[in-house]
Amino acid sequence: MKGEKTRCIALRRRGLAAWACAATVLVAIYLFIGRFEPLGSPRAFHGRLAATILTGLLVIYPGAAIGAILGLGFFTRVVVVRSKRSGRIAPAWALRAMLACGSMVLAILVAEAGASAWLRFRHRMPSFPARFPERLPGDPIELVVIGGSSALGAPYEDWLSVGAIVGRELERAMPGRRFHVSVLAEKGAPLERMHHKLAALERRPDALIVYSGHNEFLARFTLENQTVYYDDERPAARAWAMLERLGRVSAVFRLTRENLEKERVGLLPSQALGTVERTIGRPSASAAETRAVLADFAARLEAITALCERIGCLPILVVPPGNDYADPNHSYADPRTLHHQRQALFDRLVEARKREADSPADAIAAYRAILADQPRFAVAHHRLARLLDDSGQFALANRHYVMARDCDGLPLRCISAIEEAYHAVATRHAASAILIDGPAIFRAASKRGIIDRTLVHDLVHPTLAGYGLLAQAVLTELKMHKAWGWPESTMAPTIEPSQLESEFRLDSSAWATICKRVAAQYEMIEFLTVDPGERIAWRDRFLEAAKRLSAGARPSRLGLPGVGARVPFSKTSPESTNGP
């Protein structure tokens, strides 16, 4: 009997040690996989490998957890009943099974606690430091810029940005004062990441420029995030959906999902789907996920603005303008649309496309009929907008361009809901915050009232003239607010593209680099759309422009919208600058 007990204790200890090690490894995988790349490991290979591992964990973990809990209950009952009936210790196999299941349950509880704590830490609402160092006389006025690549100044980041232009012009307007601009923006960063960076500020900012909103979805979701959407999904898809619903109660499952999507960002989506499935796809984020993203953005924007008020910092909220003329990335139908109806919708779309060249009026009628049945079908909104644009109905075309952008299944441009969050926060803090409505400023600068490639190079990055317009709007508002004792006699400057080109030394070599960067951006996003022909054509145009500029050509002679310092607002027809 004594030997039996000793053996059971040893088994228990070995089992607990084994499962504790397994739990540690499991938590380490959940928390840190994808954060460190092996030396020499290609990003695509490592990302695919990590995504495969994480997908496997998503499938295995819920089943393992449920099995461990049920197994613990079953084998505990076997051991207890056997001991009561016979008065002897249960067989070794039953004890081993009970200890194994108990150890696994313990490991799962440890993993859940660690994942829950990590999620709370990752998505916390940080604050500015409690205290900042005292300012000395003569210290410069601090301007901080947060946001994504557009806030960084891409594709001009080596030469200028909105913050750099504003800082330079402020020193001219107020001689004797010094301004220091800190650009904390990062390429691809959502507002959440910028919010966390503010907690590390070492000096109190006098003004904070928030220029964020393009990356809120692409930084979190990809087209590989194939959640169940249509009512007639296959049984396998529905089984996966049930697994996801069960998994959402688990912090480990949610953390794994987040890390999986981060690994997928930047990887090419699968092209295995048929033409109909690719053309009439599904949103990359579910309705619940979309609401969560929008709520988080609004809450963080409000928190940042309130923090600025508390420490005496001027919040400058810049609504990000995007290229509304560009095509959407992905389209989807109503979730109640069955498979045969999606096929019919695809056929109607193909037929409408055929009519565009020979009978635009019939094509317009066909697209309107499609939208009457499928009001959120992005590609139909976009094709209709192009036809209305060509016919001179610019206001109506703009509404459909905006709808195509807002109904994009994978939004890469700032959508209207995020624009509304900016306006709501600015209204609540009207006494202390400055709102720069980027889309409204860009539309006012275009004779057609449509934001296109004359002001935005690709989908989200402004041209030289576009950055000048945003900086000028910021300076005009600062003048109206008499910020930092702006002299009454000093007017807000008028910023010309030629002035920026000269003062920031944008020569032919610089423009060649800029064109290569725009081409690289088109190459990166061309696979996101079902019909990449237009993006490929623009990529090739910018690559050719880079070659000609490297050979000594003048930027203004290339005929490429947004390249060079010429004023780009004189066109009346989209074909003159937007057609590949």
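So if we plug the beta-carbon distance of Phe132 and Ser416 into 1/(1 + (r/R0)^6) with R0 = 41 Å, what FRET efficiency do we get, rounded to 0.05? Display every interim value, and only then the final one.
On the way: r = 37 Å, r/R0 = 0.89.
Step by step, r from the Cβ atoms, then E = 0.65.
Please give me the summed charge of the neighbours of Ala117: other residues whose Cβ is under 15 Å from its Cβ, Lys and Arg +1, Asp and Glu -1. Don't jump to the answer; show the numbers that get you there.
Values: positive: Arg120, Arg122, Arg124, Arg254; negative: Glu112, Glu258.
With Lys, Arg at +1 and Asp, Glu at -1, the neighbours total +2.
Evaluate E = 1/(1 + (r/R0)^6) for Glu534 and Trp93, where r is the Cβ-Cβ distance and R0 equals 45 Å; express this FRET efficiency to the nearest 0.05.
On the way: r = 66 Å, r/R0 = 1.47.
Computed FRET efficiency for Glu534 and Trp93: 0.10.
Amide H neighbours of Val456 under 5 Å, counting only residues 5+ apart in sequence or on other chains, H built in-plane at 1.01 Å?
Counting only residues 5 or more places away or on other chains, the set is Thr463.
Among 488-501, 177-190, how do they line up by average Cβ neighbours within 10 Å per residue, starting with the highest? Intermediate results must be reported in sequence, preceding the final value.
Working: 488-501: 15.2, 177-190: 18.1.
Going by the mean number of other Cβ atoms within 10 Å, highest first, we get 177-190, 488-501.
Could you calculate the FRET efficiency of Val110 with His196 from 1/(1 + (r/R0)^6), where r is the beta carbon distance between them and R0 is 22 Å, rounded to 0.05? Mind dumping the intermediate values first?
Numbers: r = 26 Å, r/R0 = 1.19.
With R0 = 22 Å, the Cβ-Cβ based efficiency is 0.25.
From the phi of every residue in the range 62-72, what ³J(HN,Hα) in whole Hz does the Karplus formula 6.51 cos²θ - 1.76 cosθ + 1.60 yield, where θ is phi - 60° and glycine or proline is x?
With the stated coefficients, the range 62-72 comes to x, x, 5, 5, 5, x, 5, 5, 5, x, 4 Hz.
Just to confirm a number: summing +1 for Lys and Arg and -1 for Asp and Glu over residues other than Asp139 whose beta-carbon lies under 14 angstrom from that of Asp139, what do you get? Numbers along the way, then the final one.
Working: positive: Arg135, Arg177, Arg178, Arg203, Arg204; negative: Glu134, Glu142, Glu202, Asp206.
So the surrounding residues net to +1.
Assuming 0.36 nm per residue, please report the length gained on full extension of the stretch Ala553 to Thr494 beyond their Cα-Cα distance. Before the final figure, lay out the partial values.
Working: separation 59, 0.36 × 59 = 21.24 nm, distance 2.82 nm.
Between Ala553 and Thr494, full extension yields an extra 18.4 nm.
Please give me the summed charge of the neighbours of Ala417: other residues whose Cβ is under 13 Å from its Cβ, Lys and Arg +1, Asp and Glu -1.
Details: positive: Arg291, Arg405, Arg413; negative: Glu216, Asp296, Asp406, Asp408, Glu419, Glu420.
Net of charged neighbours comes to -3.
Hey, rough spin-label estimate for Ala117 and Glu302, points 7 angstrom out along Cα→Cβ, what's it come to in nanometres?
The two pseudo-label positions are separated by 3.0 nm.
With θ set to phi - 60° and the Karplus curve 6.51 cos²θ - 1.76 cosθ + 1.60, what are the ³J(HN,Hα) couplings of the range 406-418 in order, to the nearest whole Hz, using x for Gly and Pro?
3J(HN,Hα) across the range 406-418, in whole Hz: 6, 9, 4, x, 9, x, 9, 9, 4, 8, 4, 4, 6.
Can you list residues from other chains, or at least 5 along the same chain, whose modelled amide H is less than 5 Å from the amide H of Gly188?
The list, which skips near neighbours in sequence, is Ser149.
So if each residue of separation counts as 0.36 nm, and I subtract the Cα-Cα distance between Met480 and Glu309, what length gain in nm does that give? Could the numbers behind the result be given before it?
Numbers: separation 171, 0.36 × 171 = 61.56 nm, distance 1.86 nm.
The span from Met480 to Glu309 would gain 59.7 nm if fully extended.
Below 8 Å between Cα atoms, with a sequence gap of 6+, how large is the relative contact order for the range 421-514 in percent? Each step should come with its number before you reach the end.
Numbers: 55 pairs, mean separation 17.7, N = 94.
RCO, the range 421-514: 19 percent.
What percent does the relative contact order of the range 272-397 come to when contacts are Cα pairs within less than 8 Å and at least six residues apart?
Details: 88 pairs, mean separation 32.1, N = 126.
Reported as a whole number, the value is 25 percent.
Amide H of Ile209: which non-local residues (sequence gap of 5 or more, or other chain) have their own amide H closer than 5 Å, using H built in the peptide plane?
It is Val144, Val145, Ile146, Ile316, by chain and number.
Using a simple spin-label model with points 7 Å from Cα along the Cα→Cβ vector, what separation in nm is obtained for Thr76 and Leu396?
Distance between the two pseudo-spin positions: 7.0 nm.
Provide the per-residue ³J(HN,Hα) series for the range 206-215, in order, calculated from phi with Karplus coefficients 6.51, -1.76, 1.60 and θ = phi - 60°, each as a whole number of Hz, with x at glycine and proline positions.
Each residue's phi maps through the Karplus curve to give 8, 8, 10, 8, 9, 10, 9, x, 7, 9 Hz.
Which aspartates and glutamates have a Cα less than 13 Å from the Cα of Lys447, not counting those fewer than 8 places away in the same chain?
Straight-line reach from Lys447, under 13 Å: Asp389.
Coordinate-derived values only; no laboratory data. Note that the structure is a prediction, hence the values are computed from the model and not measured. We place every Cβ from the backbone using ideal geometry, glycine too, and count neighbours over all the protein chains shown.
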